[in-house]
Amino acid sequence: MILELDSLIEYHGPNTYSNSQGILVSLTTEEEDIIHQTMGEVAGPNSSFSNCPIDSEDMVLSEALVSIASYFVAKERKIPFQYRLLSSESDGLTLFIETNFPEATAEATRHVIDILNRIFMGEELIVDDWKKSYSYFVRTHGVGMNTRLIASKAEDLNIPHYQIHRELVQYGYGKNRRLMWGSIPEHTSVLAVDTTVYKSTLEKILRDMGFEVPISYRAGTIDEAIDYAERIGYPVVIKPLKETFGTKTYANLENEEELKRAFGECCRTENQVLIQNWIPGNLYRVVLVGDSVFAIKNKPPRVTGDGEHTIDELVAIENSRPSRGKYEETALSSISTGLDYEMTLAKQGFSSGTIPPEGEVIDLASVATMNAGGTAEDVTERFHPFNAFLSKRIARALRVSLLEIHIIAETISEPISEGRGVVVALSPQLEVRNYHYPFRGKQADVEELILRNLNPNSDELRIPIASISGSHGKTIVATLLNHLLRMSGKQTGLACSTGVRIAGNKITSETGANHEGHKMVLGDPGVEFAILEQSALDSVSSGLAYRDVDTAIVLNSYESREDYPVLQERMTDGRRLLSRRVRSSGRLIINTQIPEFDEIISETQGEIVIISREPDHPLFDTIQKENHLIATVMGKMLVLIDQGKVLPLINYLDAPLTFEGIAHFNIENLLAAAAAAYTNGAELGEIKNALLTFNNSPEQLPGAMNLFQVQDRYLFVDLATKPSNIGIASRFVSRYKRRMDLGDVYGLLRLPSGLSTQAIRTVLNGISRHYKKAIVYDIEYPETVFDCGECFDVAATLEEGMEELRKSLSKEDLVLVTTNEPHGAIDLIRKIRENGGF
């Protein structure tokens with residue numbers, strides 16, 4: 001293998017590399033200089049790159065990789081994806097590719113790397129090989145043009161969007177989120193789709209409404225087709241039973257011989273066809289998107305003679321234009337040269353080999369649809385108001401807000417009623433490219449109309465989002481804020497370390513403080529306010545699951561730069577990213593004790609709200625002058641200071657979360673939640689009540705210093721995902737023991753994953769004074785534990801450690817259990833209690 005894909009990470013939201021979605025690609029190679037050579041130099045005489053659909057021979061590897069992958073995803077011969085080359089050495093490179101479709105682009109990148117390896121190892125790809133590779137990718141991972149164009153417009157309009165699978169995209173969040181498959185919005189019923197697809201049903205509905213429709217008969221054999229054509233009278237039209245908008249449609253068939261030829265072609269893949277009377281006139285497409293109506297006039301594909309080239313040659317020249325290609329891949333469809341082409345030319349006295357005189361215009365198809373290679377002109381300004389009324393009447397009958405109506409008439413400047421126009425087809429979806437590239441007239445911004453119509457009451461399809469980051473207390477603040485906002489009547493979605501809750505109902509106990517949990521909340525149509533615990537490390541490794549936030553809360557930072565320099569740097573990067581994504585109308589709630597305070601607030605464009613236990617903090621004067629909110633402590637009273645006015649809340653000793661002041665670290669957490677609730681519209685009385693009633697019970701807040709009494713022993717269970725969590729919890733239980741005059745302190749400790757031996761020593765040496773005995777379980781380097789003091793021992797599992805520790809416990813002793821799975825620890829303690837205790 002010449003190129004080795006070391007890693008490929010998908011980012012479905014802002015990240016440390018870009019404010020957009022994208023993928024991070026890292027490649028290595030053992031071949032010297034392949035990274036910096038052009039593809040032509042690497043491949044040598046191999047002509048594969050000259051056969052590539054884009055000109056890549058003179059591109060270096062990074063540009064070729066992005067260009068070809070872009071072509072596979074978006075069928076563009078230029079590079080539609082922006083990319084940044086992060087590193088480029090002789091043995092490898094790393095780059096970040098911005099794209100609205102990370103999943104499809106990741107698959108395209110893997111596909112292209114495989115193709116490049118085949119070429120570098122000597123295989124020669126001809127044009128057909130490239131076409132087959134592209135076709136395979138489109139079948140398995142392709143994204144249609146409708147989806148690409150609408151998602152691109154959503155990006156321009158700052159509307160959040162997320163590709164769920166292939167053409168299915170979520171636009172917006174929570175109660176305002178809407179789904180679309182291509183250009184079909186979620187509120188379009190299956191009944192409406194089926195009604196418009198099956199022509200016989202549609203014609204009955206339209207005829208009952210008073211519209212002129214073609215005379216139609218369903219034919220399964222050529223004899224039936226001939227019989228029906230004679231009943232109707234030539235010329236006739238033959239088309240598939242299901243609506244295909246021009247594909248396999250043959251119009252203006254003037255005799256039995258033409259009908260037989262068309263029937264043979266049409267029935268190759270169809271069991272039945274429709275025979276209709278041919279209606280002379282122009283083909284108009286009337287489009288309704290919500291209350292907006294506009295009209296397009298279609299023209300059949302045409303070429304103009306130059307006196308030198310045959311018609312076939314003129315068509316080939318036209319089809320070679322970059323704007324023409326396969327349906328759904330380019331602005332215009334390629335002009336077909338099949339039976340309809342042949343018969344259309346014959347009616348004009350030409351054949352494909354004719355050299356037409358200069359200036360003579362030749363029609364190339366019997367139908368004027370875009371699928372047949374036709375072109376378009378916007379004629380909305382000439383559209384008669386009564387025709388707009390009639391069009392809306394059809395949409396109301398089908399109960400759709402998005403509809404395309406095909407009408408044949410001499411003109412739409414006059415009412416199409418009373419025989420002046422015929423409705424020949426309907427579609428509850430739009431081929432957006434047909435309106436994106438009108439060749440005459442103004443260009444309607446169809447994509448924006450579609451997006452605005454998804455939810456007229458919400459321009460950006462958003463809901464308020466609060467995101468909480470910090471070393472200690474994220475879960476507490478997230479859960480408390482959820483409690484506060486639910487008391488004020490909001491339907492919330494909560495994703496935190498202890499699970500996901502929607503409107504107070506537990507969806508899962510698995511951690512929701514990650515991409516999956518956040519998507520679960522943001523994709524739920526019952527959520528009107530999202531509360532998301534955001535790990536700073538996860539935001540660095542996976543990016544954010546949301547575009548931006550209304551409230552960002554940065555609580556604290558207990559990991560020292562000296563002890564954990566890499567960890568601290570990554571956490572700071574994550575908090576800076578969160579700060580950058582605060583909306584200009586939002587706010588950043590931040591603890592003054594954050595060492596990177598100035599660095600983080602410099603990144604935000606929102607209002608700054610500061611929290612501190614120091615009522616005389618030097619920043620307060622500055623913040624008050626700028627009319628910002630302050631959350632602090634005066635004596636033992638939690639207060640908010642809003643534009644200089646002091647708003648008392650409660651005595652923090654009365655808050656269950658502080659354990660009568662012993663858990664002083666929770667004072668800042670209470671302030672943060674109160675400030676977030678206040679700035680999001682909660683009343684002071686609701687905030688006070690919530691602070692006084694919210695506690696750390698296992699049901700309400702699993703893993704947040706849950707206290708259990710088993711006989712006369714006391715056990716705390718705490719979720720510990722960072723080194724500082726262990727130190728904070730150890731100091732707390734030591735203070736609790738002294739305040740409550742209890743016995744000895746024991747520990748059953750699980751350290752955060754991934755710690756080095758030095759980091760393990762740092763943690764354990766810092767807490768050894770608090771314990772008579774502590775068992776460290778599920779540890780990667782057990783031998784390191786024994787270097788940290790006689791009080792430490794090791795166990796393979798939580799259960800084994802508990803079994804060992806219970807032998808040492810005496811009356812009124814206290815045990816701290818730290819874990820990354822609080823539900824498991826809680827269940828174990830309850831089982832011990834149910835079985836008679838220690």
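The values are calculated or read from the model by the stated rules, or taken from the named source; none is laboratory data. No experiment lies behind these values; they were computed from the predicted model shown. Glycine also receives a Cβ, built like all others from the backbone with ideal geometry; neighbour counts cover every protein chain displayed. Keep in mind that these areas ignore ligands, DNA and RNA; they rest on the heavy atoms of the full protein, side chains included. Shrake-Rupley method; radii C 1.70, N 1.55, O 1.52, S 1.80 Å.
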Subject >> Probe 1.4 Å - accessible area at Trp278, Å² to nearest ten >> reply: 90 Å²
Original post:
Quick one: if you stick a label point 7 Å off each Cα along the C-beta vector at Ile222 and Thr797, how many nm between them?
Top reply: 7.6 nm
Original post:
In square angstrom, what is the accessible area per residue of region 274-428 with a 1.4 angstrom probe?
Top reply: 40 Å²
Subject >> 19 Å cut-off, amide nitrogen to a point 7 angstrom out along Ala397 Cα→Cβ, residues in region 259-283 >> reply: 277
Original post:
If you roll a 1.4 Å probe over region 359-471 with all protein chains in place, what percent of the accessible area is carbon or sulfur?
Top reply: 48 percent
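Evaluate E = 1/(1 + (r/R0)^6) for Asp445 and Glu614, where r is the Cβ-Cβ distance and R0 equals 56 Å; express this FRET efficiency to the nearest 0.05. Let's see the in-between values first.
On the way: r = 53 Å, r/R0 = 0.95.
Efficiency at R0 = 56 Å is approximately 0.60.
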Original post:
What do you get for Rg/Rh of region 105-179 when both radii come from the Cα atoms and Rh is the Kirkwood radius?
Top reply: 1.14
Subject >> Net dipole in debye of the chain [+1 Lys, Arg Cβ; -1 Asp, Glu Cβ; about Cα centre; nearest 20] >> reply: 3320 debye
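Give the peptides 791-802, 808-819 in descending order of average Cβ contacts within 10 Å, highest first.
Highest mean packing first, the order is 808-819, 791-802.
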**OP:** Apply the Karplus parameterisation 6.51 cos²θ - 1.76 cosθ + 1.60, with θ equal to phi minus 60°, to every residue of region 18-23 and state each ³J(HN,Hα) to the nearest whole Hz, in sequence, with x for glycine and proline.
**Re:** 7, 7, 10, 5, x, 10
Original post:
Can you give the accessible area per residue of region 487-577, in Å², using a 1.4 Å probe?
Top reply: 33 Å²
Original post:
Which helices of the chain meet both criteria: a Cα extent of 24 Å or more along the helical axis and a mean Kyte-Doolittle score no lower than -1.0, with helices taken as whole DSSP H segments?
Top reply: 102-120, 723-740
Original post:
Could you give me the ³J(HN,Hα) list for region 640-654, computed from phi with Karplus coefficients 6.51, -1.76, 1.60 and θ = phi - 60°, whole Hz, x at Gly and Pro?
Top reply: 10, 10, 10, 6, x, 8, 7, 10, x, 10, 9, 6, 5, 5, 8
**OP:** Over region 706-835, average the accessible area per residue using a 1.4 Å probe and give it in Å², no decimals.
**Re:** 44 Å²
Subject >> Ranked by how many other beta carbons lie within 10 Å on average, peptides 774-780, 413-419, 656-662 from highest >> reply: 774-780, 656-662, 413-419
**OP:** Tell me which residues come under 5 Å, amide H to amide H, from Val776 once H is placed; ignore anything under 5 positions away on its chain.
**Re:** Leu749, Asp793, Val794, Ala795
**OP:** Over 19 Å between C-alpha atoms is what I'm after, so list which of Lys297/Lys326; Lys175/Lys490; Lys131/Lys326 land there.
**Re:** Lys297/Lys326
**OP:** May I ask for the distance between the Cα centers of region 737-764 and region 579-648, given as a whole number of Å?
**Re:** 33 Å
Original post:
How much of Ser135 can a 1.4 Å solvent probe reach, expressed as accessible area in Å² and rounded to 10?
Top reply: 30 Å²
**OP:** Calculate what fraction, in whole %, of the accessible area of region 706-835 sits on carbon and sulfur atoms when a 1.4 Å probe is rolled over the protein chains.
**Re:** 41 percent
**OP:** Calculate, in whole percent, how much of the Cα-Cα pair population of the chain lies beyond 39 Å.
**Re:** 54 percent
Subject >> Distance between region 174-220 and region 20-39 - C-alpha centres, whole angstrom >> reply: 49 Å
**OP:** Give me the accessible area of Asp291, 1.4 Å probe, in Å² rounded to the nearest 10.
**Re:** 140 Å²
Original post:
Using heavy-atom solvent-accessible surface (probe 1.4 Å) with all chains present, what is the largest-first order of Lys722, Lys442?
Top reply: Lys442, Lys722
**OP:** Please list Thr105, Thr304, Thr375 in order of solvent-accessible area, largest first, computed with a 1.4 Å probe with all protein chains present.
**Re:** Thr304, Thr375, Thr105
Original post:
Using mean Cβ contacts within 10 Å as the protection proxy, how do 609-616, 753-760 order, highest first?
Top reply: 609-616, 753-760
**OP:** Could you look at region 30-132 and say what percent of its accessible area is carbon and sulfur, using a 1.4 Å probe and all protein chains?
**Re:** 41 percent
**OP:** Pop out the ³J(HN,Hα) list for region 706-712 in order, Karplus 6.51 cos²θ - 1.76 cosθ + 1.60 with θ = phi - 60°, rounded to Hz; leave Gly and Pro as x.
**Re:** 5, 9, 10, 10, 10, 6, 10
Subject >> Net charge dipole size for region 215-278 [Lys, Arg +1 and Asp, Glu -1 on Cβ; Debye, nearest 20] >> reply: 300 debye
Subject >> Where labels lie 7 Å past Cα in the beta-carbon direction, separation of Tyr198 and Lys260 in nm >> reply: 3.3 nm
